[in-house]
């Protein structure tokens with residue numbers, strides 16, 4: 001559970017002399033940037049980070065949210081005050097996907113201490129936490145990304161893992177089955193992938209289920225400690241949330257960052273439909 005911090009725990013840590021650096025990753029899939037929401041009220045001390053501009057590269061053949069340029073990402077993190085030897089906490093509006101993307105990127109880039117505020121801003125306010133419109137003045141950080149601390153998959157690697165190990169599809173079940181596809185040109189899933197919607201990893205309030213519950217869920221899918229596991233989604237955002245859920249359950253997993261938006265852009269790649277892995 002080292003990857004998770006509760007609102008109550010954050011209240012205690014934020015009152016300390018040197019609280020963790022706090023990042024606000026408000027974002028709505030397909031919606032406008034979260035900056036206006038941040039300006040309307042955020043956790044005290046939080047710095048806003050734009051997912052599309054700072055936590056992803058430009059959309060294209062590598063997908064809608066490919067890995068960002070490391071220089072751009074590093075500069076954004078230093079602007080936000082991120083330091084190599086100082087802990088970081090990330091949160092969003094409650095869905096958890098955007099904050100999980102920031103958690104994953106920072107960990108992938110070599111930061112040793114990053115935690116996800118479980119339940120995000122709604123959990124903070126439900127616990128009695130106050131919001132502010134004050135934009136904090138933060139000192140420039142010193143974090144320099146050193147990619148490779150977490151495993152990643154490309155399209156060929158994802159296809160191979162679906163054959164020899166376990167590749168989880170974190171999207172909604174109807175997208176996996178190919179019944180609907182609101183964002184990409186082709187509906188369906190990577191052959192051999194197993195449906196595991198990340199929405200099933202959380203309770204109604206958006207907080208993760210207990211570690212034991214998550215471990216039991218993933219074990220039923222074949223994701224147990226020692227198994228080779230990968231995850232993809234539409235564009236590498238909600239899949240980061242599932243990688244985090246797997247981490248809470250004690251199961252390391254690789255992320256296919258390009259995900260379905262990259263896979264489906266190549267007409268030569270096979271597509272499966274229906275409820276079975278294919």
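Nothing in this text is a laboratory measurement; each read-out follows from the coordinates by a stated rule. The structure displayed is predicted, hence computed values, not measured ones. FYI the Cβ positions are ideal-geometry reconstructions off the backbone, even for glycines, and counts take in every protein chain you see.
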Next item on the list: Using only C-alpha positions, report the orientation-averaged shadow area of the convex hull of the chain, nm², one decimal.
Entry: 13.6 nm²
Item checked: Spatial separation of Cα centroids for region 120-165 and region 204-278, in angstrom -> 16 Å
Check: Starting at 0 and stepping by 10 Å, how many percent of the alpha carbon pairs of region 152-263 end up in each bin?
Finding: 16, 51, 29, 4
Item checked: region 152-263: antiparallel DSSP beta bridges as a percent of all, rounded to 5 -> 10 percent
Next item on the list: Please determine, in degrees from 0 to 90 and to the nearest 10, the orientation of helix 211-221 with respect to the longest principal axis defined by the Cα atoms of the chain, where the helix direction is its Cα long axis.
Entry: 20 degrees
Margin query: Can you compute the FRET efficiency between residue 75 and residue 276 using 1/(1 + (r/R0)^6), with r the Cβ-Cβ distance and R0 = 41 Å? Round to the nearest 0.05.
Written below: 0.35
Check: What FRET efficiency would be calculated for the residue pair residue 28, residue 163, taking the C-beta separation as r and a Förster radius of 51 Å, to the nearest 0.05?
Finding: 0.90
Next item on the list: Sum -39500 (n - 2.57) across every DSSP H segment of at least 4 residues in the chain, then divide by the residue count to get the 222 nm mean residue ellipticity, nearest 500.
Entry: -8500 deg cm²/dmol
Note to self: For region 1-137, compute Rg over Rh where Rg is the Cα radius of gyration and Rh is the Kirkwood radius from the inverse mean 1/r over Cα pairs.
What the structure shows: 0.94
Item checked: Among 104, 260, 124, residue whose mean-square fluctuation peaks in a GNM of the chain (springs only between Cα atoms under 10 Å) -> 124
Check: Label points 7 Å out from Cα along the Cβ direction at residue 9 and residue 205: separation in nm?
Finding: 1.6 nm
Margin query: For Cα pairs less than 8 Å apart in space and 6+ apart in sequence, what is the mean separation divided by the residue count of region 152-263, i.e. the relative contact order in percent?
Written below: 33 percent
Margin query: Cut-off 10 angstrom, C-alpha nodes, Gaussian network model of the chain. Which of 14, 195, 259 fluctuates the most?
Written below: 14
Item checked: GNM top mover of 181, 224, 17 - the chain, alpha-carbon springs below 10 Å -> 17
Margin query: If each residue of separation counts as 0.36 nm, what is the full-extension length gain between residue 53 and residue 142 once their alpha-carbon separation is subtracted?
Written below: 30.0 nm
Margin query: Expected output is a single nm value to one decimal: the length gained when fully extending between residue 134 and residue 179, i.e. 0.36 nm times separation in residues minus the C-alpha distance. What is it?
Written below: 11.7 nm
Check: Relative to the first principal axis of the alpha-carbon coordinates of the chain, what is the inclination of helix 238-248, with its axis defined by its Cα atoms, in degrees from 0 to 90 and to the nearest 10?
Finding: 80 degrees
Notebook entry, point to check: Using 18 Å as the cut-off for backbone N distance, which residues of region 42-76 belong to the label zone defined by a point 7 Å from the Cα of residue 86 along Cα→Cβ?
Noted result: 43-49, 74-76
Notebook entry, point to check: Hey, what angle do you get for helix 155-164 against the long axis of the chain, alpha-carbon based, 0 to 90 degrees rounded to 10?
Noted result: 70 degrees
Check: Going by how many other Cβ atoms sit within 10 Å of their own, how do 114, 243 line up, fewest first?
Finding: 114, 243
